[in-house]
Amino acid sequence: MIEVKNVTKKFGDFIALDDFSMHVERGAIYGLVGPNGAGKTTLIRHLCGVFKQDAGEVLIDGQNVFENAALKQKMTIIPDDIFYFIQSNTKDLMKFYKDMYPSFDEAYFNKIASCFPTIDMKKVVRSLSKGMQKQVAFMLAIAARPELMILDEPVDGLDPVMRRQIWSLIMADVAETGLTVLVSSHNLRELEDVCDHVGIMNNGKLLIERSLDDLQTSVTKIQIAFDNDEMPKLPSDIEVLRKISNGRVHTLIVKGEPHVAEREIAKLNPILMDVLPLTLEEIFIYELGGENYAVREIII
Amino acid sequence: MRLEKSLFNMALFKKNISRTWLLGLAYVLALTIIMPIQYLLRYNYNVEKNGFVAGYTPQMDLTWFMADASNSEYGFGIAIVVVAITFWYLFNKRDSYMMHAFPVSRRSLFFTGLLTCIIVSFVPVLLISIIMSIIGLATGGASYGVIWYWAFTVLVSTLLFISIALFAMMCTGQLITAICFYVGINFLCFLMEAAFRMLAKRLMLGLGYIQMKHFNALTPLIFIKNACDIKVMLRGSTEAYDYIDIQYGSTWYLFAYLAASVVITIVAYILYKRKQNETVHEFIAVPLFKPLFTIGASFFIPLVLACFASSFVFKIKYEYTYGTRFAVTVILSLVLGVAFFFANQMMIEKTFRVFNMKKIIQCAAFTLLSLVIFMCFRLDVANIEGRVPESEDIEWAAIQGTYSMVFTDADDINKVREVHNNLLKDKGELRDLVHNSNRNNKYEPYSELTFKYKLKNGEYLVRVYEVIDTEAEAASATYLSAVQPVLDFINKPEVIKEHVLGNIWDDCTVKDVSISNITKKNGAGWAAYAADFDITKSQMESKNKRVYNALLKDIDDGNLFITHFGDDVFGYDYNITYYNDFSLIISNQREAYFSDESTFKGVDLPPIYEQTINASLNTRCENTIDALIEEGFLESKDSLIKKTDYQSYYDSTKEEYESR
């Protein structure tokens, strides 16, 4: 669905996207994560056709996005900082979206509206709270019946009930219509619940891109203890991202197939060995730790 | 039509209209007050006060009203407002990003926005034109041609200003800057010319003349008003008008502006297509314009400031020579230019960190270029100072000292050229004339001598020289040889009669003679005029003619309308000139009066057949004064008061009044 090939974008001397490539399958829910300033929003603006890349290609369904109105009719965007026309209420905006997006489903919009009872349809949207504005943006975006939704911090500012409500609606659409979702968020715990694919980016580059299952199995936390305080030397084919020792107990963050690491470590005869799955947040932190991410020292 | 090829987007159009209809309504209301309501009030006043008499019809009145109406000003005002509201999203990151994320191409965004602007600004004008036509029909004064020519002028100028506003909007990422650019672009040519003229005035001899009437086509706000306006003239006598003469402005210019607006709109569209969204909030959004703006602003603004500073120094120190003035202007321009260069860089790049080697080299190159331009001025490489047009290129030539004299005859034109060339023989003498005449802090008054040529290609060439009295202490022999031929020429009686009295001086009736009788007894009233003579019209004209003939004799004797240099602007010698107002009206209904004054100023008036001649009589005008007394216009010579006496009397009565 989305194909980004070797995209470079510079703002003056600053390189926001550096030979960036990514790939999103149709029907996937792709979580885009990265530290502040990684280039996520810049990437999203390229995907929306707002920015034009200096080099490379940004393709959706094999077509360039920039200045492609027909293609943009198949996608909706909820940016972090939402724009609404002055003096427009939700109904006015609904009419605007209806005219703009041929596949806009008014009946569906009305149906969704019932899920958001706090929204006054006749009230000027700009006068609503930030959370309510997000809800309106979501209602409009999903009622356009897009094939692709691009969400930048979509549930930021929403209460837990509304978050759940929105995600359940998205998931239902994904299941029913094969909607593809690209979501950028710092709420990794939430992404972990909804995403099936994850891309981690930093400094304008994509560090990792794979399915969440693969990702979670590719990095493992192994707790081991030996008779002696000193841990025997690990085989060289085990890539340890992090090692934390507390007396005889050692915690290893190991990259690679967990079974291989488990088997190799077992050969060292530990008196205790536990293999634990990593959360997305942990993976994010450990992966970026290797990228000289500033938070590394704090975690240690 | 495929969506990406579409120029129009209905959803966007509806949204645009929902944002701008209030502006359109306000425009309609404003125009309604200015046009139909104002005209109806005027019509009502004329009906009530019997204004429609002596052949003056409602149709004439409506024609006159429409001809007087503003045109380009409306377009200039509405265009920037409607374009700013329609394309507001270009100046806010959030709005711009979202608008460009919607499924609508820039082509649609641009042309739908343009259509919105056109509709909002055109409909009110069309509506008002229809209302004015209906009013014309109802009041029996339908002047459809004038009404719809006015509408066409307003619409074309509006379209032009919309295109300029669009261009300005695409050049920057800041709304306030866009508005400044809009005003700046509209007056760019004039401002640049004014800056060069200011420089030329300080660095060159005879230059520095700026006349507001000479705005060229690149300053459309003023030019449309001047060149495309409707001019009307009531025909007939003051007792009864026969018809109204209507002269429409140049339609050719309007079509040229129409074509220009299309071109500018296309350029604006190309800029929009290439505009990068990340340039929102940037001072200049088009990379190519950054160096252009830097150079332009760093050259012209310091230049103007330096010229002002140079004049200021000159005002406080008369000993300031031409050479010093040149040095002060150039050094100040260069120093300020460097400061402006880096200030512009800071504005464009939004940082104070602009002092790198690359920028310093660029600045040095710019400064060198500026210096070359200044030296070109100083050395007059284009022979601007010494230029006197060839006879065959001249439509008319004029000299203005105390009076404006316009010469159209080939011999006269050659004579003007001859005295002008003679004046330029020793430029150095005139250059430091004011300096030399005021060398020891002894102020010698100076006046201006102007040579103006209207060329056959429509251009004007104007040179203005500062001159002092030929009898002044500082007037050298070289100076006298330069300027005396000019005085000899313009003070010839036949030249005075032809160009001060006018072309009908020897074939005219004198309709009226008037002189104020001033006595100190008159108190606050001061002046009194002779009572109406109880005689026939022909007797009156004979009486007037006798005064006129005496006036001609005074001119022949060199007593009146003599130009001196260094006098005040009216050429008065207060010690001999009378304060009394004296005027006469000369008329010839068969031959149009050629007004030297209007022609010199470039005022294009409809033909006139009579003219009021005002003269400041002086003690030498014995012939005229005697005739005035003899014919009963003036009680006696006691009724005359000299300007100096009047001033002292006025001062004393003022003191007396204040002491009371």
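The values are calculated or read from the model by the stated rules, or taken from the named source; none is laboratory data. Keep in mind it's a predicted model, so treat the numbers as computed, not measured. Note that each Cβ is placed from the backbone with ideal geometry, even for glycine, and that neighbours are counted across all protein chains shown. Heavy atoms of the whole protein, side chains included, go into the accessibility calculation; ligands, DNA and RNA do not. Shrake-Rupley method; radii C 1.70, N 1.55, O 1.52, S 1.80 Å.
Taking the criterion of being open to solvent by less than 50 Å² (accessible area, probe 1.4 Å) and among the polar types (S, T, N, Q), no residue of the stretch A:109-120 qualifies. Of all residues in the stretch B:292-302, at least one satisfies being free of Cβ contacts under 8 Å to residues at least 24 places away in the same chain, out of contact with any Cys (no Cβ under 9 Å at 6 or more places or on another chain) and open to solvent by 30 Å² or more (accessible area, probe 1.4 Å).
Listed here are the residues, each with its yes/no results for (1) closer than 22 Å to A:Lys5 by Cα; (2) part of a helix (DSSP H, G or I).
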position	(1), (2)
A:Arg145	no, no
A:Pro154	no, no
A:Arg163	no, yes
A:Trp167	no, yes
A:Ala175	no, yes
A:His186	no, no
A:Gly199	yes, no
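Apart from one condition, B:Met99 fits all of (1) within 14 Å of chain A (Cβ to nearest Cβ); (2) open to solvent by less than 10 Å² (accessible area, probe 1.4 Å); (3) in contact (Cβ under 8 Å) with a residue 40 or more places away in the chain; the exception is (3).
Within the stretch A:175-208, being hydrophobic (A, V, I, L, M, F, W, C) and within 10 Å of A:Gly31 (Cα to Cα) holds for A:Val181, A:Leu182, A:Val183, A:Leu188, A:Leu191, A:Val194, A:Cys195, A:Val198, A:Ile200. The number of residues in the stretch B:208-240 that are on the phi < 0 side of the Ramachandran plot and at pLDDT below 80 comes to 12. For the stretch B:382-426, residues that are closer than 16 Å to B:Glu494 by Cα and open to solvent by less than 20 Å² (accessible area, probe 1.4 Å) total 8. In the stretch B:36-92, counting only helices (runs of 4 or more DSSP H) that sit wholly within it, the ones holding 1 or more residues that are touching a Ser or Thr at 6+ places or on another chain (Cβ under 8 Å) and under 18 Å from B:Ser121 (Cβ atoms) span B:72-86. Taken together, A:Asp213, A:Asp237 contain a single residue that is within 30 Å of A:Val183 (Cα to Cα) and loosely packed, with under 12 Cβ neighbours inside 10 Å, which is A:Asp213.
Candidates are the residues of the stretch B:18-37 that are within 14 Å of chain A (Cβ to nearest Cβ) and hydrophobic (A, V, I, L, M, F, W, C); the one that is nearest to the chain's Cα centre (by Cα) is B:Leu23.
Listed here are the residues, each with its yes/no results for (1) in contact with a Leu (Cβ under 9 Å, 6 or more places away or on another chain); (2) within 25 Å of B:Ala26 (Cβ to Cβ).
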| site | (1), (2) |
| --- | --- |
| B:Asp95 | no, yes |
| B:Ala101 | no, no |
| B:Leu114 | yes, yes |
| B:Leu126 | yes, yes |
| B:Ile130 | no, yes |
| B:Ala138 | no, no |
| B:Ala142 | yes, no |
| B:Phe152 | yes, yes |
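Pick out the one residue from B:Leu115, B:Leu191, B:Leu126 that is open to solvent by 10 Å² or more (accessible area, probe 1.4 Å), out of contact with any Asp or Glu (no Cβ under 6 Å at 6 or more places or on another chain) and at pLDDT below 95. After ruling out the rest, the residue left standing is B:Leu191.
Screening the stretch A:1-108 for strands (runs of 3 or more DSSP E) wholly inside it with 1 or more residues that are touching a residue at least 40 places away in the same chain (Cβ under 8 Å), surrounded by 20 or more Cβ atoms within 10 Å (Cβ to Cβ) and within 14 Å of chain B (Cβ to nearest Cβ) returns the ranges A:2-11, A:14-24, A:55-60, A:75-78. I'm trying to understand the selection: among the residues of the stretch B:138-148, which are open to solvent by 20 Å² or more (accessible area, probe 1.4 Å) and part of a helix (DSSP H, G or I)? Passing the criteria: B:Ala138, B:Tyr144, B:Gly145, B:Trp148.
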